[in-house]
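Beneath this line is the structure, given in structure tokens, with notes to follow.
Just so it is clear, none of the values below were taken in a lab; they were calculated from the coordinates. Small disclaimer: the values here were computed from a predicted structure and weren't measured. Because the Cβ atoms are built from the backbone with ideal geometry, glycine has one as well, and the counts that use them run over all protein chains shown.
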Amino acid sequence: MTIDWGWIADHVDDMWSTTVEHLILTVIAVTVGLVLSLVLAIVALRWRRSYAPITWVTGVLYTIPSLALFTFLVPVFGLSLLTAEVALVSYTLLILIRNIVAGVNGVPAHVIEASRGMGMTDRRIFLGVQLPLALPAIIAGVRIAAVTTIGLVTLTVLVGQGGYGVFILRGIRRQFLTEALVGTVLSVLMAVAVDVVLIVVEQWATPWSRRRAAS
Amino acid sequence: MGDAVEPAEGGVVIDFLGEVAGWFADPANWTGNRGVPNLLLAHVSLSAVAVAAAALISLPSAIYLGHVRRGGFLAVSLVNIGRALPSFGIVGVMYPVTLAFALTRSPLGYWATLIAMILLAMPPMFVNAYTAIRDVDPALTEAARGMGMREGQVVRRLELPLGLPLIMAGIRSAAVAVVATVTLGAWVGYGTLGTYIFVGFAQGDEVLIFAGGLLVAMLAVVTELGLGWVERRTDQTHHGRRRQGARPLAISDEVVATRP
């Protein structure tokens, strides 16, 4: 019932390789999720009536447990990366779309009027004014999606992928506390580290909010 | 799987779904230890115990801290930690720990699963209840005090009724997450609907895997809809529910729990 430090010392290489696998699985899911969400959010913003059906469908995807989604995808894609990623991506959509739409809608009307008065086209207003001002909300969504995904990636071992879930599953099979604990702690550490990185990215990407805070 | 792109693909899908339907139609899958009713009962009962325990632990402190409007940092931290904790890992860590404490009179894996589920359910409940009570308009609580209400009365007669829909939303969110995640108990020997998925993976039986996933997904949707209905019934303000999507989710915002 004590922690086997010797085992930990012997498996530093394994920890490194599973960290890389875990991070890659996460980055693919969040990146694809963000791209899809941006497209769907732009559709929802342009055609207002599509927002309700889009959030309904992504809401259903969000409600279906990702473990259950794995089971629906295994007969189609087998025990593959695709099975893992489709389930992970579908879980990020609701969080990201809601935050992108709310962030863009939160830009004050007078700011958009001023941009239009300066002769900017709708396209330039969206890309140059609305999207940058929505960045804090969007990055808040990415933080939630990323931290959540890192936790869920521990399950992708069940569909044959790597990552920290490998330690956890092996720990369970051998009733070996140290190994399960290493997988869990590393997953939490990665979630914290990624969250901190995204906070730094936000401050770097929105220098005006920092200046306002300083003044 | 790789060379499945041929004209017969539609037929393959229909065949597969037919096999799944056949599994559900087989009376043998509805009786005994490994039958759907028995595993569903084990699945739901552990979920109910976990949600009730998490509510007993988290709601009183959340309501108190919301009432005195302190502990915001604690709430934010709890959500962040809750979101980062992988339930599969907690189950895996608690499994050898609970075995060592010889809590073996209960079914194998029961305590490990239960502890992981309580940890999963607490953050969304705590934060929603805390936010619900804290965000009651101070003008209302001041007016209540001005009318001579004691603190306990302010909580019971004003803050709790006004905060109830949001508190219920936290319970719903937690319950759906727990119902989805209790599935993992199967990996430490506690029979749940996840047992079909676990055995299916072990035997390479895709029909069994799919049937188990379908049962878990349906239970999650039923829980979501059922508790959503209860939640709307508790809204006494008659202003309708606040429109979802009106503002972005923030890290510290009311929480939608994660569900593996």
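Taking only alpha carbon atoms, the range A:54-111 gives an Rg to Rh ratio of 1.19, where Rh is the Kirkwood radius.
Peptide B:178-188 shows a mean partner chain C-beta count of 3 within 10 Å per residue C-beta. Of the Cα atoms belonging to the range A:22-87, the radius of gyration and Dmax stand at 13.7, 39 Å. Dipole check for chain A: with +1 at the C-beta of Lys and Arg, -1 at the C-beta of Asp and Glu, and the Cα centre as origin, the magnitude is about 1060 Debye.
In this simple spin-label approximation, B:R69 and A:L82 carry label points 7 Å from Cα along the Cα→Cβ vector, and these lie 5.6 nm apart. Compute the Cα gyration tensor for the range B:33-233, then decide on rounded, prolate or oblate, letting a ≥ b ≥ c be the square roots of its eigenvalues: rounded whenever a/c is under 1.5, prolate when a/b is larger than b/c in the other cases, and oblate in all that remain. Verdict is prolate for the range B:33-233.
Just so you know, the Rg over Rh for the range A:16-206 is 1.06, from Cα atoms, with Rh as the Kirkwood radius.
Rg and Dmax of the protein assembly as shown, both derived from C-alpha coordinates alone, stand at 23.6, 78 Å.
Think of it as helices only: each DSSP H run of n ≥ 4 in chain B is worth -39500 (n - 2.57), and spread over all residues that comes to -22500 deg cm²/dmol at 222 nm. The residue list A:S37, A:A205, A:V129 was ranked by how far each Cα lies along the charge dipole of chain A toward its positive end, using unit charges on Cβ atoms, and A:V129 comes out on top. The mean of 1/r over all distinct Cα pairs in the range B:123-222, once inverted, gives the Kirkwood hydrodynamic radius of 16.3 Å. Computed about its Cα centre, the charge dipole of the protein assembly as shown is approximately 2060 debye, with only Lys, Arg, Asp and Glu carrying charge at their Cβ.
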